[in-house]
Structure formats: structure tokens, C-alpha cells
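K.L.:
Mind having a look at this structure? Questions to follow.
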Amino acid sequence: MPQNVTQKILAAHLVSGELKAGSPIAIRIDQTLTQDATGTMAYLQFEALGLPRVRTELSVSYVDHNMLQSGFENADDHRFLQSFAARHGIHFSRPGNGICHQVHLERFSGPGKTLLGSDSHTPTSGGAGMLAIGAGGLDIALAMGGLPFNLNMPQVIGVRLAGRLQPFVSAKDIILEVLRRKTVKGGVGRVFEYFGPGVATLSVPARSTITNMGAELGATTSVFPSDAVTLDYLRAQGREEDWSEWTADPGAAYDEILEIDLDTLEPLIACPHSPDNVRPVREVAGTPVAQVAIGSCTNSSYTDLMTVAGMLDGRMVAEGVSLGISPGSRQVMEMVTRDGGLLKFIAAGARILESACGPCIGMGFAPPSEGVSIRSFNRNFYGRSGTKTAAVYLASPETCAACALTGVITDPRDLEISEVPVSLPDSFLVDDRMVIPPAEEPEKVEILRGPNIAKLPASRAPDAEIRGPVLIRLGDDITTDHIMPAGAKVLPLRSNLPAISEYVFHVVDESFPGRAREAGGGFIVAGHNYGQGSSREHAALAPRYLGVRAVLVQSFARIHLANLVNFGILPLAFADASDYGRIDAGDELSVDISQLALGKTLTVQNHTRNLGFEVHPQLASSRDLELILKGGALPWASEQLEKMA
């Protein structure tokens, strides 16, 4: 039977299950990546498994998030990560080497391989024909331990691209069009696979922009075929031997097909405060702009930045606009400098930021109060930029450059500038000295631990009845930024669970941690798509630390649902969505889980209102059930490894 690319890669890595949409499957993981905001906890969890070395083909630890060293915490954690990597068989990408997704695409992506990363934008490497999936840190720890990754077999949505992009329209506009049509909820339980004649017109960096921001659809991942374009890219990176062809068979089927005509696509922009609030740039043109930020793991490639450099050449950033540019990697920074781009940035009045995530996660370069910030990033959630009153828009580098030059939102086609065609170089500057391989004598390596690294709390099986108040009642599309904010103040505490737990729901209700402790835990209630956005497992781990044992919603986002199960928090969905309206914050709830079983509904009692309603435990497999009953994935994994031994 003809197969698409997704099915081929999954079939080649299938450990258990059937490739039938919605069925539980387990797949072998070839590579893992972590970044420093998630890595410290992931490695503490791997350490708890008691294994001396990772069991993957390749695991890489990147430092790209917590670069602002205003105290000892980040620097200490970076030392921990480097020493841990050396001892346990992990490659270490030093601070300054670049953003994990950009560097991994350049130096380690492998067509037809699987990659699991503790960052939701891991699908970036899907631009090189890799099945790259974002997950919580505990899932990465288990994969490094040699255990398969468990998920439900996703539907495969085929996105057929026809035609060719017109001047000043780019790959960012393609993924914004997909988001406009499918929304941030439209990718749950799905893989987006791109095919059609338009695919051959897109470079690997352009493809990776699309797969990167596909995370905002809530998708499991996104993938392009590995073809002649992929071969050219890997050859230019000096990695031709890593190439293999992965294309869909003639007649391969998709669960749904989305058609996009590149010839007619126009510049698009995502308005505040959601990546799917997409409109044509011309419809919001003229809006005054205070800040422009170009970079992030979505749009910081050589071609992106040299295109911007060409648009800025000989011109000055508009008065009142602050322009910041973040190269995606050391390789990009060196090549843009060599080819004259850096001088053009500086001459135009841009601020050059380091090769890191930076403003995308609220780590510096925050907009002014009530200021409009146009960013080539992937997320514009409320408060994520570091300024609650800011209005953040997402657009292509070309649109960002146009806004920086005019001081208002501007369709780049309206500038009196000729198109700036930038081709990929025949060869990239390759210098891997900032990637440190594991120690040859790991037993001699001392793991360095700073005082901010706290011990993991012990896992505990749940009681037969979960009872407590509704600690908070929320609406739809609650992101992990709402639950566990990032930023320069909070992220340095990621390895100190007691400290970071003080910031749970900080942007929504600062009183939540105190109320949760006083009540001895309780329930969280929310609407649809709860937990969208970043993969940060602290959005599950910190509420669990505060005593939350169940979350009751209308629907969950994929990664956060998995994180809840991993940490023993029971995920429940209303059997009747209207029951959401029959609960208020402060209501006393209980649920008997002594008879918890797959496919069986439970009854939640609302003692305050003297009523009950049915809920569906969101457990996809016997493994999920076992994790909940044991109190989380770590005790379960330890048992599995003992059996394997």
C-alpha cells in the first residue's frame, strides 16, 4: 500500500502498536535534544534512572535560553549541564553556539530519523525530512534511557503547495496561512506533511520555518520530504553522507488535503494575542510601531538575515523604532559578518543581540508600555514578551524590515525597494569546536552542582479519592506561559522546584500558589486547548508540587497532556462540555478513582452545588493508566529498566 513520508518514518521506527489513526503506538528514538530551560530537570530525571550513559544514537544538550546571567543561577546550571553531558555521553553545545533548533538543523538533522526534543519547536528539523517531535523533559529522559516514545498514531494532513512565492512573500506567510485556516487547535493529533510542485521551490531553511511554527497548530509535528533540495543543503553543510531520500509513494493517501497556491499568497501578519489571529498585512497597515525584533528559531537563518540586510542597505531605521536582530547560530553570525550583512545592520541603526532565544521568551528586549512590537517569532501570547500591555504581532523578516524602516506596519511590497534575492551558499562555514563531545573517560568527570539545583521530589501514588477545591477556573487556549511563565525572573529557577512553584499562574492570579498550599491541593478547571504552547514540563511539575492531582477541562493540548500523565496528575475532560458552566472557583469537588480503567467514565461530585457530572479520563493506553496509578513516569520507568536488565 502506498505510504506518505510520515508513515514511512514511523513504520521504520515502530516498536509496538498499529499505524492506525488514534491508536497507541511506541516508536524508537534516534536522537534527543534539550535546551537549558528544560535540560537541567530532564537530566536530573535521567540521573534518577540510574544509567551511566545515554542509549540513543545522538543526544545534544544546548544552552540558548537562560543567557542573561544576572545572578549565579544560570551560570551554575550551565556548568552542571556541561559536566553532566561529559559524564553521560551527551554532546554539549556551548553558550554562544546558537539556538538549539537552528544548530541541530545545520549540524545534526538526519532525513528519515526520529528526534525527540524538550522544546515544542523541535519540529524545525522536519524541514530536512526528519520526524522531529517536541515533548516534556521526562519523555526525553526516558528516550535517553533507551525506552520508546509513546503517542497516539496521528492523522496525516497533506498540505499541497503549488506555484512559486512572489517577491516579498516568504515561507513565514505559508505557515501563517495554514494557521489562519486551521487555528491553534487544528493540529492536535495530527502531522502536517508538505508535498506538491511548490515544495521544490523552497530551501531547507524556508521549509524549517514552516515546520518550526507548525508547533503553533498544536500538531504532533510537521515534515517535508527529503529530496534533491535537502541533499544540496546537507552537502553545503559538509554532511552529504547523512542524506537519504524520503518521499511519498505515488498515490499515497492523506487524511485531509489542504491546498495552497503560492502564486497568490500575500504578506500576512498574526495580530495580538494568538498566532492564528492572522490577517493580510495591508489590512492593518499604518499602525504605529515601537519595536521590531528579527530572529528566533523560526526566522534567523543566513537567508533570512541577508534578505533583511539587503532591505536595510543604505537606509536608517525609523525614528522611534528600536530594531533588534538575533542570529540563529554562530555559523549564521559568522557568515552574515563575512558577507557584509552585519555592517549593514549596524549602519541602519539595528541592535545586535546574541545568538540565543532572547526576546522570544521574554529574556530581554521587552517592548515599551502599550507598544506595538513586530516580530519574526512564533508566539505572541499575552505577556510573553515581558510587557503585559504590549501588542505583539508576528510577521516575516521582510515585513519586519519594512515596518522598521517606515515606523508603521507596512506591506513590504509597498516599499520602493527592489526584491533582494538571497541564495544558499555552495558551502557553509563549518566549525564545530563549540560542540563538545562526551568525555573519553567519563568516570573521571565530576558533575558540578550549584546551590540552585534542588532534589527531585519523591513520587507518590494517588489516594483512592481525589478531593479538594477548584483552585482556579480558566477559559480557552490557556498556554503554558499562563501556567508557568518564562522570562528573566522565573527561568533561572527551573532547577529549583520549590522556588519556581511560587510563580504558577503568576500572570493570571498571583495568589494561586498560596491558596493551593493552604488548601493542600485541589483541581484546575479550564476550557478548550488547555496547555497549548511551550513544552515546558514545569507547567505540570510545579502544580503537582503544590498539590494539584487532577485537571478538568474541555480539551487538552498534546504535549501538556502527556506531561500531566508523566507527573501523575489525572487529566479529565467533561463528557458534556456544558458541565463546564456548572463549576465555579472555590467549589469543593471529589472524584473516586478506585475503579479507574481505560474507556471508563468517572463521576465528579460538586459538593458545593450538590450535583454530579460525568468525565472522561484522558488516558490513551494501559501505560498511561499505569503511570497515573504509580504516581508518575519515573517509578514506572525504573521498573521497566529493571525488567530489561
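K.L.:
Where does each of 479-488, 293-302, 248-257 land if you order them by average Cβ count within 10 Å, highest first?
P.N.:
By packing density, highest mean first, the sequence is 293-302, 479-488, 248-257.
K.L.:
Of the beta bridges DSSP finds with both residues in the chain, what % are antiparallel, to the nearest 5?
P.N.:
40
K.L.:
On a straight-distance basis, which lysines could pair with K113 in a cross-link, Cα separation under 16 angstrom, same-chain partners fewer than 8 positions away excluded?
P.N.:
Counting by Cα, and skipping residues close in sequence, K113 has these lysines nearby: K8.
K.L.:
Need one number: the % of Cα-Cα pairs in the range 212-259 sitting beyond the 17 Å mark.
P.N.:
Counting pairs separated by more than 17 Å, the tail of P(r) holds 54 percent.
K.L.:
Eigenvalues of the Cα gyration tensor times 5, then square-rooted: what semi-axes does that give for the range 270-414, in whole angstrom, largest first?
P.N.:
For the range 270-414, the ellipsoid semi-axes come out as 22, 17, 13 Å.
K.L.:
Still on this structure, I have one more. Once every DSSP H run of n ≥ 4 in the chain is given -39500 (n - 2.57) and the sum is divided by its residues, what mean residue ellipticity at 222 nm do you get, rounded to the nearest 500 deg cm²/dmol?
P.N.:
-8000 deg cm²/dmol
K.L.:
Follow-up. So which lysines can K388 reach, going by Cα to Cα under 20 Å and dropping same-chain residues fewer than 8 places off?
P.N.:
K489
K.L.:
Evaluate 2.2 N^0.38 Å with N set to the residue count of the range 130-284, then give the Cα radius of gyration divided by it.
P.N.:
Its radius of gyration relative to the 2.2 N^0.38 Å reference: 1.10.
K.L.:
While we're on this one: Between V372 and residues 5 or more places away or on another chain, which pairs have amide H atoms under 5 Å apart, with H built 1.01 Å from N, and which residues are they?
P.N.:
Hits under the 5 Å cutoff: A290, Q291, A391.
K.L.:
How much of the DSSP beta bridge set in the range 1-126 is antiparallel, as a percent to the nearest 5?
P.N.:
25
K.L.:
On a straight-distance basis, which lysines could pair with K600 in a cross-link, Cα separation under 27 angstrom, same-chain partners fewer than 8 positions away excluded?
P.N.:
K20, K185, K630
K.L.:
A further question on this structure: Taking 0.36 nm per residue of separation and subtracting the Cα-Cα distance, what length does fully extending E510 through L598 add?
P.N.:
28.1 nm
K.L.:
Taking N as the number of residues in the range 465-644, what is its alpha-carbon radius of gyration divided by 2.2 N^0.38 Å?
P.N.:
This ratio for the range 465-644 stands at 0.99.
K.L.:
Cα-Cα pairs above 21 Å in the range 1-122: how many percent?
P.N.:
Tail of P(r) above 21 Å: 45 percent of Cα pairs.
K.L.:
Answer rounded, prolate or oblate for the range 540-645, using the Cα gyration tensor with square roots of eigenvalues a ≥ b ≥ c: rounded when a/c is under 1.5, else prolate when a/b is larger than b/c, else oblate.
P.N.:
Verdict is prolate for the range 540-645.
K.L.:
Any idea what log10 I(q)/I(0) is at q = 0.08, 0.11 Å⁻¹ for the chain, Debye with uniform C-alpha scatterers and no solvent?
P.N.:
Evaluating at q = 0.08, 0.11 Å⁻¹ gives log10 I(q)/I(0) of -0.54, -1.06.
K.L.:
Count the DSSP beta bridges whose two residues both fall in the range 465-644, then state the antiparallel fraction as a percent rounded to the nearest 5.
P.N.:
DSSP beta bridges in the range 465-644 are roughly 55 percent antiparallel.
K.L.:
At a 10 angstrom cut-off on C-beta neighbours, averaged per residue, how do the peptides 507-518, 113-124, 379-390 rank from highest to lowest?
P.N.:
113-124, 379-390, 507-518
K.L.:
If the range 5-264 were replaced by its equivalent ellipsoid, with semi-axes equal to the square roots of 5 times the Cα gyration tensor eigenvalues, what would those be, largest first, whole Å?
P.N.:
For the range 5-264, the ellipsoid semi-axes come out as 31, 21, 17 Å.
K.L.:
Where in the range 163-212 are there chymotrypsin sites (Phe, Trp or Tyr not before Pro) that are in a DSSP coil and have at most 13 other Cβ atoms within 10 angstrom of their Cβ?
P.N.:
Loop-located and lightly packed - none at all.
K.L.:
For the ranges 636-643, 352-359, what's the packing order if you count other beta-carbon atoms within 10 Å of each residue, average per peptide, and put the highest first?
P.N.:
352-359, 636-643
Each reported figure results from applying straightforward, stated rules to the coordinates on display, with no laboratory input. Given the structure is predicted, the values throughout are model-derived calculations rather than measurements. Cβ sites come from the backbone with ideal geometry, for glycine too, and all protein chains shown count toward neighbours.
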